[in-house]
Amino acid sequence: MRAQNDAGRRTRRRWSAGAVGTTALLVLTGCSAEVQRGWYPGTRETTNHNAQLTDLWVNSWIAAMAVGLLAWGAMIWCMVAYRRRKNDQGFPKQTAYNVPLETMFTAIPILMVFTLWGFTDRVQTEVDRPVDDSPLTVTVYGKQWSWDFNYSYEQENGEVIEAHYSGIQAQLDGTEGVRDTLPVLYLPNDVPVHFELKSRDVAHSFWIPQFLQKRDMVPGKTNHLYLTPQELGSYDGKCAELCGEFHSEMLFNVEVVDETEFVQRLEEMEPGQVGEEYSRNPNNNPDGAGTMERDLQTPRGGGSH
């Protein structure tokens, strides 16, 4: 009997140690930058919108956790406080309804939903507010399965530089150095950017994960995105809409550089803009249907324009 009691005490000590260790691990990891950002990519300063978007995400999870803990606590308390005792007989008193309780269970969720909607709408309105005086407009064309970038940049002296880059589909065959062959989107640091997002063929989606914003590219429609890069560095871009056989190869690199280097990069590109003449969507380009048909019969698709 004594051996059984000792074994029971050892088991309880192990459980206690495990609970303490788990709690300590959660507290310690909660101090890390990744956890404070809710495991979001990038940092709070990557763009001018990252802090707002991160706070909305993290605070929503905190509110959800608080509600969950309250609900779980109430459930466990009811299971313990109203459990069937050894000498209980028959069924407990049955209650058909409780108007105050049911009113509370209806009103509180409605209040929570409207509160979350209010915070979300405020952040979304701020993030999507147009920047009318942006010196840089980048028109991005998504296409199977690459990207075209048109730049129109007004310098401080009033001179406007127009240049473009036409991407070619990546060949993800496992060889080294493929990343260096991806299309590159250059952006100047601390300069507001207005993205005009279009599609040359089917639905795509423009996504730079570290920027915490994503926007669909719909054939025949122009969507807009406004942000200011605030950290120099290299970032990853991709299509986030399943757009055909080689969707996974529709990647691009993003380089946020200082303004001097940005102007230098523009001067190295082809001058002028490329427009709808290379679109394969017959709604935008009457010759697009034939181009699309020829490209779809080409191994690994088109993507040169």
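We did not get these values from a lab; they are worked out from the coordinates using the rules stated. All of these numbers come straight from a predicted model, not from anything done at the bench. Because the Cβ atoms are built from the backbone with ideal geometry, glycine has one as well, and the counts that use them run over all protein chains shown.
Tabulated values for the structure
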quantity	calculated
Dipole moment magnitude, nearest 20 debye, region 163-271 about Cα centre, only Lys, Arg, Asp, Glu C-beta charged	540
For region 126-134, 3J(HN,Hα) per residue [Karplus equation, 6.51 cos²θ - 1.76 cosθ + 1.60, θ = phi - 60°, Hz, x = Gly/Pro]	5, 5, 8, 5, x, 10, 6, 9, 5
Residue-wise HN-Hα coupling along region 94-101, computed from phi with Karplus coefficients 6.51, -1.76, 1.60 (Hz; x: Gly, Pro)	9, 10, 6, 7, 9, 4, x, 5
HN-Hα J in Hz across region 238-245 - Karplus 6.51, -1.76, 1.60, θ = phi - 60°, x for Gly and Pro	7, 8, 10, 10, 4, 10, x, 4
Residues whose placed amide H lies under 5 Å from that of residue 167, excluding near-sequence neighbours	147, 148, 149
5 angstrom amide H check on residue 193, placed H, neighbours 5+ away	227, 228
Per-peptide average of other Cβ atoms within 10 Å, ordering 231-241, 193-203, 249-259, 71-81 highest first	193-203, 249-259, 231-241, 71-81
Cα centroid of region 117-135 to Cα centroid of region 64-97, whole Å	45
Förster radius 41 Å - calculated FRET efficiency between residue 63 and residue 154 (Cβ-Cβ, nearest 0.05)	0.45
5 angstrom amide H check on residue 252, placed H, neighbours 5+ away	237, 238
